[in-house]
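The structure appears below as C-alpha cells.
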Amino acid sequence: MKLSARSKLIKPAVTLALAAKAQALRAQGVDLANFTAGEPDFDTPQRIKDTAIVALKKGMTKYTDVRGIEPLREAVVAKYAREYGLSYTKDEVLVSCGGKHALYNVLQATLDPGDEVVIPAPYWVSYSDMTLLAGGAPKLVQTTEENGFRITPEQLKAALTPKTRMFILNSPSNPTGTGYSRDELMALIRVLERHDCMILSDDIYEKIVYEDFRFHNIVSLQPGLRERTILFNSVSKTYAMTGWRIGFAIGPAAVIKAAGTIQSQSTSNATSIAQAAAVEALNGPQDEVTAMVREFEARRDFVVARLKAMPGLSCYNPQGAFYVFPNVRSLFGRKWKEKTLATPADVVEYFLEVARVLCVPGEDFGSTENIRLSYATSLAELEKGCDRIEAAIKKLA
Ligand SMILES: Cc1ncc(COP(=O)(O)O)c(C=O)c1O
C-alpha cells in the first residue's frame, strides 16, 4: 500500500523503540540496567489517583469541552498567576493529550510550508519531526558542551532570518539537563525583541531543578513577548503522570483557538478522568514533588561523579530534568571484536552487548558525540549500571 510522503518525512521516536527492546530483553531473562526511561520511576501520588477514582465513580465518563474542562483550565490560569505573576484567561489555555500533543497542535496551527523553526541542538527528538510534519523547516543550531549546551545570543541572532517563524526554547532541557539562568535568558530576549517571530517555551521540566538553579518563565522576564509566546507544560514529569496524557499550551487566544480547532478535528478532548486528576495535581499540596526532586538530585550527584571518574568520558553537570548526556568521543577509535567504535550508536550497542546497559544514542537528539542516560531509576540500579559501564570501557582495545 502506498504511504504518504508526509509519513516518510519522519522516523519513529528512538526512545520508544529502545524501551520496547529493553522489554524484549528482559522477557528473555536478561538482567538489564535500563537507562532509557523518559519518565519518573515514582508512582503518581495517591491523592491524584483517588481524585480520578472519585471522578470515575461520579460518572465523569463522557466527552468534555474539547479545550479541556473549565476547572482544569482555571487551575492552569491560577498556577501561572501564583507562580509567575502572569495573567492569562481560560481562553488562553488548551488542554491536550500531553505536552507533546499540545506542541503538535500549535505547530500545525502556526506553520506554513518553508517556515523556519530555530531549534538549539541537542534537542528533544520530537521538535524537528513535528516541525517537518507541519511543513516547516527545522533550523538546528549546534550548541557546545563548553557553553553548557546553551545557544548563545550570537548564535541565535545569526540563525534568525526573514523566514524564521519561531524559536523553540527548552529549559531545563531534554536531553542535556541544561537550564538557562535569568541573565542567559535575558541575553536571548534582547535578540528576540528585535526579531518578530513566535517563541515556543517548553517548560515541562520547570519543577525538576537542582541546588540554587531557579527556573525563569520567559514571559514573566519580558512581558512584552507575551503576545508572541506560547508556553507548554504538562503534569507528566512533575507529578509522575506520564501515562495519564495531560499537557497544556498557554498563549494568545487566537493561536490557542486555532490549535483547539485542530484538536477538535483529530482527537477531541483529553481523557475526562485524567483531566480531573490533573486539577488535583495542580491545586493540591506539592510535597511529593519536592521529595521526588530531592531524590533525583542525589541520583544526579551520584551518576555525574561516577561518569566523570571513568577514563574516556566527560559529563556535563545538569541543572535540571533527569538525564545526563556524557560525551563518549574519546571512545571512538577503540576496538571491540572486529568492530571499531565510531559513533554514539556504536557505543550504545557496545554497552548493550557487553555491559547489558541500555542508553540512548545522541544522534537522534542532534549530537554526534554524546549518549543519554536517564537517572529516573533507583540508586542501586544506577550503581550496577555504572559498574558495568566502567568494566566494559576497560575491555576495549
Ligand atoms: C522536552 C520535552 N517536551 C515534551 C515532552 C512531552 O511530554 P508529555 O507529552 O508526556 O507531556 C517530553 C517528554 O519526554 C520532553 O522531554
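The values are calculated or read from the model by the stated rules, or taken from the named source; none is laboratory data. Predicted model, so just to flag it, every value in this text is computed and none were measured. When we count neighbours, we look across all protein chains shown, and the Cβ atoms used for this are built from the backbone with ideal geometry, even at glycine. Ligands, DNA and RNA are stripped out before the accessible areas are found, and what is left, the full protein with its side chains, is counted by its heavy atoms. Shrake-Rupley method; radii C 1.70, N 1.55, O 1.52, S 1.80 Å.
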**Report entry** Alpha carbon convex hull of the range 351-397, volume per residue in cubic angstrom
**Finding:** 79
Query raised in the report: Considering only protein heavy atoms, what per residue accessible area in square angstrom results for the chain with a 1.4 angstrom probe?
Result: 42
Query raised in the report: Over the alpha carbons of the range 59-283, what is the largest minus smallest coordinate on each principal axis, giving the biggest first in Å?
Result: 55, 43, 30
Report summary line: per DSSP, antiparallel bridges as share of beta bridges in the range 59-283, % nearest 5, sits at 30
Query raised in the report: Mean residue ellipticity at 222 nm from the helices of the chain, using -39,500 (n - 2.57) per DSSP H segment of n ≥ 4 over the full residue count, to the nearest 500 deg cm²/dmol?
Result: -12000 deg cm²/dmol
Query raised in the report: Tell me, what is the 1.4 Å probe accessible area of residue 16, in Å² to the nearest 10?
Result: 120
Report summary line: Note, the range 153-160: 3J(HN,Hα) by Karplus (6.51, -1.76, 1.60, θ = phi - 60°), whole Hz, Gly/Pro = x, goes x, 5, 4, 4, 4, 5, 7, 7
Query raised in the report: What does the accessible area of residue 89 come to, in Å² to the nearest 10, when a probe of 1.4 Å is used?
Result: 70
Query raised in the report: Ignoring ligands and nucleic acids, what accessible area does residue 395 show with a 1.4 Å probe (Å², nearest 10)?
Result: 140
Query raised in the report: For the chain, what's the relative contact order in percent, using C-alpha pairs closer than 8 Å and at least 6 residues apart?
Result: 23
Query raised in the report: Which residue, chosen from 19, 54, 64, occupies the Cα position most advanced towards the positive end of the dipole of the chain, where the dipole is computed from +1 (Lys, Arg) and -1 (Asp, Glu) charges on Cβ about the Cα centre?
Result: 19
Requested in this report: Specify the angular offset, from 0 to 90 degrees and rounded to the nearest 10, of the alpha carbon long axis of helix 379-395 from the longest principal axis of the alpha carbons in the chain.
Outcome: 40
Report summary line: Long-range amide H partners of residue 139, meaning residues 5 or more apart or on another chain whose placed amide H is closer than 5 Å, are 117, 118, 119
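Can you tell me what share of the DSSP beta bridges in the chain is antiparallel? A percent to the nearest 5 is fine.
So the antiparallel bridges in the chain amount to around 45 percent.
Starting with the highest mean, order 225-233, 180-188 by the number of other Cβ atoms within 10 Å, averaged over the residues of each peptide.
225-233, 180-188
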Report summary line: The set of residues whose placed amide H lies less than 5 Å from the amide H of residue 64, leaving out same-chain residues fewer than 5 positions away, is 269
**Report entry** Placed amide H near residue 357: partners under 5 Å, 5+ positions off or other chain
**Finding:** 33, 352
Query raised in the report: Pairs 58/237; 2/139; 79/163; 8/139; 339/384; 11/384: which exceed 24 Å Cα-Cα?
Result: 58/237; 2/139; 79/163; 339/384; 11/384
Requested in this report: Whenever you get a sec, compute what percent of the accessible area on the range 59-283 sits on carbon and sulfur atoms (1.4 Å probe).
Outcome: 51
